[in-house]
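Note sheet for the following structure.
The values are calculated or read from the model by the stated rules, or taken from the named source; none is laboratory data. Note that the structure is predicted; figures quoted are calculated from it, not measured. Note that we place each Cβ from the backbone using ideal geometry, even for glycine, and neighbour counts take in every protein chain shown.
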Amino acid sequence: MPTNLPPQALAKWEEYTRAKTPEEKLKKLEEFYALMPKHKGTEKMEKFIRRRMAELREQIEKRKSAKRGKRPSLMVEKRGAAQLVLVGFTNSGRSTVLSSLTNARVEISPNPFSTIRPVEGMMEFRGTQIQVVEAPPLVPGGVGGTTGIAMALASNADVLGLVVNALERPIDQLKELAKMLRERGIVFGKPEGYVRIKRSKAAPAIIVTNKGRILDGTEDDVKRILSSYGIKRAWVEIEGRVTLEDVEEAVFGEKKYKPFLVFVTRSDLDDKPLGLIERALKDKAVAVLGVPFKKLDKDWLGKKILDALGLIRVFTKAVKEKEPAERAVILPRGSTTLDLAGVIHESLKEGFRYAKIWSKRLPYSPMKVGPDFVLDDCDIVEIHARG
């Protein structure tokens, strides 16, 4: 937690939080940075300010380029059940992974920075598809350029694929990737808890709603941290197990938690790192896979990704048809037959009478069920409705 900031710096911080345009935000941040003290207690804020200023400059430049008609969008519109973005350093083997998972036409080259724009393909597995996007390479310590594009893609992804080369100190690569992503507010796995800060003039003061546990402090400590950043009125929501560092990071913006896979390329030449990574990331990663793959089961991999995202596939069957549809409906885990009916068409939901379910988990199939029946992955459903 930083020592108290001088009043002039706090005033600039307040002006930054109220600024509307990137240009205004950048100006106020530059003024704030010039006024803030530089010492160990402000290291975390310094890093955030420098990164945020670089992001704003990049955003402003992109706007100018777009107005001049020189730069098309480098973001990739989501398709399929989920989007998996492959991130890594140059020559990590991202193109090899993309080519192995999809039918995308990619250029696999030993030359560095051969991929400077995102490339996408679709991984087919039973009933649906996962969109796989190869991001441009990350550059250690980089902010704009290919690193900026890759970070934007990673931030928008449903799942991240961390690609490391088995012959190039893969453990160190993973640590550096995690560090760079964490500095952009992207962290891995499911959090033990979270902190949300909602600034509002309607709040009479800093109001903390604590539904969890602060491991290393009290609610007064939370208020003191926010006050040190010039926040006087806000609603603070705490759920689960959090630390004061979580509170401080929430001042800069809510963290994005991403499920992740690890792809270790060139593991056919050295498979020792693969075992080390598998043991280190047990129960943390969706999967750790060696590339080239040994009999990769895309159905298994697709199911692992959907499980990590809390999604299921449900196959619908028309009343007069013998076979279900080939393409599945993707639903959140815990969805019911009535939820499915509403996704298909509102009239089916309104006129719902009952459904027939085919599933290996049931004592017999088809089983007649009501609107509150909870569906599972790969259930086959036939909905009967009035009218």
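Within the stretch 340-379, being in contact (Cβ under 8 Å) with a residue 12 or more places away in the chain, within 21 Å of D307 (Cα to Cα) and of a type in the set (D, E, K, R) holds for R361, D376, D377, D379. Any residue that is out of contact with any strand residue (DSSP E or B) (no Cβ under 8 Å at 6 or more places or on another chain) and in a helix (DSSP H, G or I) - is there at least one of those in the stretch 314-337? No; the residues of the stretch 314-337 include none that is out of contact with any strand residue (DSSP E or B) (no Cβ under 8 Å at 6 or more places or on another chain) and in a helix (DSSP H, G or I). Please determine whether any residue of the stretch 12-23 is at pLDDT 85 or above, within 30 Å of D377 (Cβ to Cβ), out of contact with any Cys (no Cβ under 9 Å at 6 or more places or on another chain) and not hydrophobic (A, V, I, L, M, F, W, C). Looking for residues that are at pLDDT 85 or above, within 30 Å of D377 (Cβ to Cβ), out of contact with any Cys (no Cβ under 9 Å at 6 or more places or on another chain) and not hydrophobic (A, V, I, L, M, F, W, C), one finds none in the stretch 12-23, hence no.
For the stretch 32-47, name all the residues that are at pLDDT 80 or above and crowded, with 17+ Cβ neighbours inside 10 Å. Once the filter is applied, which keeps residues that are at pLDDT 80 or above and crowded, with 17+ Cβ neighbours inside 10 Å, the stretch 32-47 yields F32, Y33, M36. With respect to (1) crowded, with 16+ Cβ neighbours inside 10 Å; (2) within 23 Å of the chain's Cα centre (by Cα); (3) over 30 Å from D270 (Cα atoms), the lone exception for G334 is condition (1). Going through the stretch 292-313 one residue at a time, which ones are in a helix (DSSP H, G or I), modelled with pLDDT of 95 or more and buried (at least 19 other Cβ atoms within 10 Å of the Cβ)? Once the filter is applied, which keeps residues that are in a helix (DSSP H, G or I), modelled with pLDDT of 95 or more and buried (at least 19 other Cβ atoms within 10 Å of the Cβ), the stretch 292-313 yields L301, G302, I305, L306.
Flag: G148 matches the condition of being touching a helix residue (DSSP H, G or I) at 6+ places or on another chain (Cβ under 7 Å), touching a residue at least 12 places away in the same chain (Cβ under 8 Å) and closer than 30 Å to P118 by Cα.
Does G387 satisfy the criteria of being farther than 29 Å from R79 by Cα, at pLDDT below 95, over 29 Å from the mean Cα position of the chain (by Cα) and not aromatic (F, W, Y)? Yes. Out of curiosity, is V288 in the same structural domain as R182 (by TED's automatic domain parsing) and touching an Asp or Glu at 6+ places or on another chain (Cβ under 6 Å)? Against the criterion (in the same structural domain as R182 (by TED's automatic domain parsing) and touching an Asp or Glu at 6+ places or on another chain (Cβ under 6 Å)), V288 qualifies.
For the structure I just gave you, tell me whether E382 is more than 25 Å from A308 (Cα to Cα) and exposed (fewer than 14 other Cβ atoms within 10 Å of the Cβ). Criteria not met by E382. Out of the residues in the stretch 348-384 that are of a type in the set (G, A, S) and farther than 20 Å from A325 by Cα, state the one that is farthest from the chain's Cα centre (by Cα). Filtering first and then ranking leaves G351. Please indicate, with yes or no, whether at least one residue in the stretch 281-289 is of a type outside the set (F, W, Y) and either farther than 30 Å from I171 by Cβ or without any contact (Cβ under 8 Å) to a residue 12 or more places away in the chain (or both). Checking the stretch 281-289: at least one residue is of a type outside the set (F, W, Y) and either farther than 30 Å from I171 by Cβ or without any contact (Cβ under 8 Å) to a residue 12 or more places away in the chain (or both).
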